[in-house]
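Comments concern the structure below.
The values are calculated or read from the model by the stated rules, or taken from the named source; none is laboratory data. All figures in this text were calculated on a predicted structure; none of them were measured in a lab. With ideal geometry, Cβ positions are generated from the backbone for all residues, glycine too; neighbour counts draw on all protein chains shown.
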Amino acid sequence: MAAVELRFGAASGQSEPPNRPLLIVGQLPNLQKLPWEEISGKLLPQVSEEMVCERSDVFASGCAIARAFPLFSRRSSASRRTDKRVVTVEFLLVGQNNGPIEEATLECLASAADGIRLAARIVDTPCNEMNTDIFLEEIKMVGDALGIVPTIIRGEELKEQGFGGIYGVGKAAETPPALAVLSYLPEGATQTIAWVGKGIVYDTGGLSIKGKTTMPGMKRDCGGAAAILGAFKAAVKQGFKDNLHAVFCLAENAVGPKATRPDDIHQMYSGKTVEINNTDAEGRLVLADGVAYASKDLGADIILDMATLTGAQDRDNAQSSCAGLFIGAHIGFDWPGTWVHVDIASPVHSGERATGFGVAFLLALFGRASKDPMLNLVSPLGAGTDQHYAMSEGDGGMSKRRRLV
Ligand SMILES: [Zn+2]
């Protein structure tokens, strides 16, 4: 399926040449609402996927379909087919407001699908083919597509500039660690948003090494950074109103003579020092440097960090909360902006496959900062709920809260 090109379309007429197979997808109650006349012509199979849903579910449904067509091609013989195929996804809207779907909506779905498939491909690709060098190339390619040149701080420069967290985690690896930033600064922006992603391209655990059953799958430890790359590409393409920075904390947590030892003390970008007791708790170290950079150098009003941090699905919440607070401490708890910590360790994959999780989440969560009508519509902070906004508190301005978007 790697060579599948995904296209989104409005429901077309019934006279297309009958040359492609058809799959009709939808929740049962929605399928039951569909009059036979509307699909009888489709069964002369001219499209590949027919999505039946309500208008409010178009975004989620389109994103779900994107996840079903991964670009990574090493997992099955079917996915190694190189002949180019086009899958056209058409929408038949049921329920209220079920008119035809707009061109702008289809463009938004195409951008979101592109971002999801990019993120999933990066997460699925093993470290020997997705090390920090190659991840940086992926970032540059997204930059090229958007006309943005990334800022990259790498290897010994990290040490010189005080990024003891990222440097300490990645210094033992063959390809050096990096902090990379893509910045989109539109005219008229009223605030600055930074998304900070954990990009551990492989996590052996370091000297506190993982076991033979817990290490496999650790190629996915870059899921936060991958999601942020996919979401940044889609968000900028669809028009973003505020300043948006994507900050990638890239490192391979490897074993070698240069590896950080338990008991070592690192000086972090925040100015704090950290004594290491477990080299497998590396995610919070790279993110601590990333969020400190976002607040100190990028002047962010809103910082969101996203990471596969704690495997929270099979532990209690204490560990993930603790890891989150560690990261927050490096922004400083008296910082007046808004900080959001998102742990995606569980949804980053489903079985053996990356999901591209995080792309649709970020596009929707920050939908209010987008020019795109559909992203505004799906934002959980959306239409008419202005009580979420501008919670300014007194206290001499020290605890002033920003609206999220
Ligand atoms: Zn780890």
On the given criteria, is residue 170 within 16 Å of the ligand (Cβ to nearest atom) and within 14 Å of the chain's Cα centre (by Cα)? no
Taking interchain pairs and intrachain pairs at least six residues apart, which have beta carbon atoms under 8 angstrom, with the first residue in the stretch 180-196 and assigned by TED's automatic domain parsing to the domain that holds residue 152 and the second among the basic types (Lys, Arg)? 186/241; 188/241; 189/241; 190/241; 191/402
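Within the stretch 172-190, which residues are crowded, with 18+ Cβ neighbours inside 10 Å and assigned to a loop (DSSP other than H, G, I, E, B)?
Step one: filter the stretch 172-190 for residues crowded, with 18+ Cβ neighbours inside 10 Å, giving 172-173, 175-184.
Correct list: 172, 173, 175, 176, 177.
When you check residue 116 against the structure, is it part of a helix (DSSP H, G or I), of a type outside the set (D, E, K, R), under 27 Å from residue 204 (Cβ atoms) and in contact (Cβ under 8 Å) with a residue 12 or more places away in the chain, yes or no?
no
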With the requirement that a residue be within 16 Å of the ligand (Cβ to nearest atom) and over 29 Å from the mean Cα position of the chain (by Cα), what does the stretch 260-279 give you? 261, 262, 264, 277
Can you name the condition, by its number, that residue 90 falls short on among (1) assigned to a loop (DSSP other than H, G, I, E, B); (2) modelled with pLDDT under 95? (1)
Which of the numbered conditions does residue 128 fail, given that it passes all the others? Conditions: (1) closer than 29 Å to residue 254 by Cα; (2) part of a helix (DSSP H, G or I). (2)
Looking only at the stretch 132-147, count every residue that is surrounded by 20 or more Cβ atoms within 10 Å (Cβ to Cβ) and either among the hydroxyl-bearing types (Ser, Thr, Tyr) or assigned to a loop (DSSP other than H, G, I, E, B) (or both) and tell me the total. 1
Please state which one of 146, 158 is more than 14 Å from residue 176 (Cα to Cα), modelled with pLDDT of 95 or more and either in contact with a strand residue (DSSP E or B) (Cβ under 8 Å, 6 or more places away or on another chain) or of a type outside the set (A, V, I, L, M, F, W, C) (or both). 146
If residue 165 meets every condition in (1) away from the ligand (no atom under 14 Å from the Cβ); (2) out of contact with any Pro (no Cβ under 9 Å at 6 or more places or on another chain); (3) not in a loop (DSSP other than H, G, I, E, B) apart from one, which number is that one? (1)
Which condition breaks for residue 210 when tested against (1) buried (at least 23 other Cβ atoms within 10 Å of the Cβ); (2) basic (Lys, Arg); (3) within 16 Å of the ligand (Cβ to nearest atom)? (1)
Failed criterion for residue 312 (all others in (1) aliphatic (A, V, I, L, M); (2) at pLDDT below 95; (3) within 13 Å of the ligand (Cβ to nearest atom) hold): (3)
Out of (1) part of a strand (DSSP E or B); (2) within 13 Å of the ligand (Cβ to nearest atom), the one residue 195 does not meet is (2)
Could you tell me whether any residue of the stretch 250-259 is within 14 Å of the ligand (Cβ to nearest atom), assigned by TED's automatic domain parsing to the domain that holds residue 225 and in contact with a Pro (Cβ under 8 Å, 6 or more places away or on another chain)? yes
All-but-one check, residue 318 against (1) closer than 16 Å to residue 165 by Cβ; (2) modelled with pLDDT under 95, failing number (1)
